[in-house]
Amino acid sequence: MKIATGSGETSTSNINSIFYDMPALRLFLLSTLSACVAFPSGTMAVPLLKKQIVKKRVKQFKRPQSDRKICVKTNWRRPKGIDSRVRRKFKGVTLMPNIGYGSDKKTRHYLPNKFKKFVVHNVKELEILMMHNRTYCAEIAHNISTRKRKEIVERAAQLDIVVTNKLARLRSQEDE
């Protein structure tokens, strides 16, 4: 880098002397460079999403009167009765879901670890995530054997892909 001095000349030596005469800075640069060279993929993939995930509502919408009658399940169904207080939106009654509770489009479907989930059944499906490892994380399907799980976890570590349930069946098998 060249700097213009007051006499109209350019000087590079004074910049070099500023940076390389400081032993602390030199030590810091050497340590960061050696860390990068020694462990190129030692860290897990950093999520690309920088925006904070905000949920407007995390509670489930319960079906009205599901707490009173056994035959009425809690799964949401829209009330259609002519006298229904919930449908007419009286104060103090069960809330109905509407479009206002939707998540931000940029953070929709993201997990708390700021990755989107992709269910993986074999190593070949894991290869799909190679170029998208900062957006998607892998989740091993529930019906995969321990042997295949180990293969998937090892390959994911090589490809620098985050696996949400990498310890799932491995722990229980080792205990037995």
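Using only the C-alpha atoms of segment 63-176, find the volume of their convex hull and express it per residue in Å³. Don't skip to the end; give the middle numbers.
On the way: hull volume 22.0 nm³, N = 114.
Dividing the Cα hull volume of segment 63-176 by its residue count gives 193 Å³.
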Provide the solvent-accessible area of Y101, counting protein heavy atoms only and rolling a 1.4 Å probe, rounded to the nearest 10 Å². 70
Checking a compactness column here: for segment 73-139, what do you get for Rg(Cα) / (2.2 N^0.38 Å), N being the number of residues? 1.81
Compute the distance in nm between two label points, each set 7 Å from the Cα along the Cα-to-Cβ direction, one at K55 and one at C71. 3.4
Which loop trypsin sites (Lys or Arg not before Pro) in segment 107-176, with loop taken from DSSP, have no more than 13 other Cβ atoms within 10 angstrom of their Cβ? R108
Solvent accessible area, Å² - H132, 1.4 Å probe, full protein context: 90
If I model a spin label as a point 7 Å beyond the Cα along the Cα-Cβ vector, how far apart are those points for L167 and N122 in nm? 2.9
Mean-position separation - Cα centroids, segment 98-114 and segment 116-133, in angstrom: 22
Whole-Hz ³J(HN,Hα) for each residue in segment 161-167, computed from phi via Karplus 6.51 cos²θ - 1.76 cosθ + 1.60 with θ = phi - 60°, x for glycine and proline: what do you get? 10, 6, 10, 6, 10, 6, 9
Nitroxide proxy distance, nm - points 7 Å out along Cα→Cβ at K148 and M44: 2.3
What Kirkwood Rh does segment 51-104 have if only Cα atoms enter the pairwise 1/r average? Answer in Å. 12.8
Counting sequence-distant residues (5 or more places) and residues on other chains, those with an amide H built under 5 Å from that of Y136 are K116
Tell me, what ³J(HN,Hα) does each residue in segment 147-158 have, in order and in whole Hz, if you take phi through Karplus 6.51 cos²θ - 1.76 cosθ + 1.60 with θ = phi - 60° and put x for Gly and Pro? 4, 5, 4, 4, 4, 5, 5, 5, 5, 5, 5, 5
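The values are calculated or read from the model by the stated rules, or taken from the named source; none is laboratory data. Predicted model, so just to flag it, every value in this text is computed and none were measured. Cβ: placed from backbone, ideal geometry, glycine included. Neighbour counts: every protein chain shown. Side chains included, ligands, DNA and RNA excluded: accessible areas come from the protein's heavy atoms. Shrake-Rupley method; radii C 1.70, N 1.55, O 1.52, S 1.80 Å.
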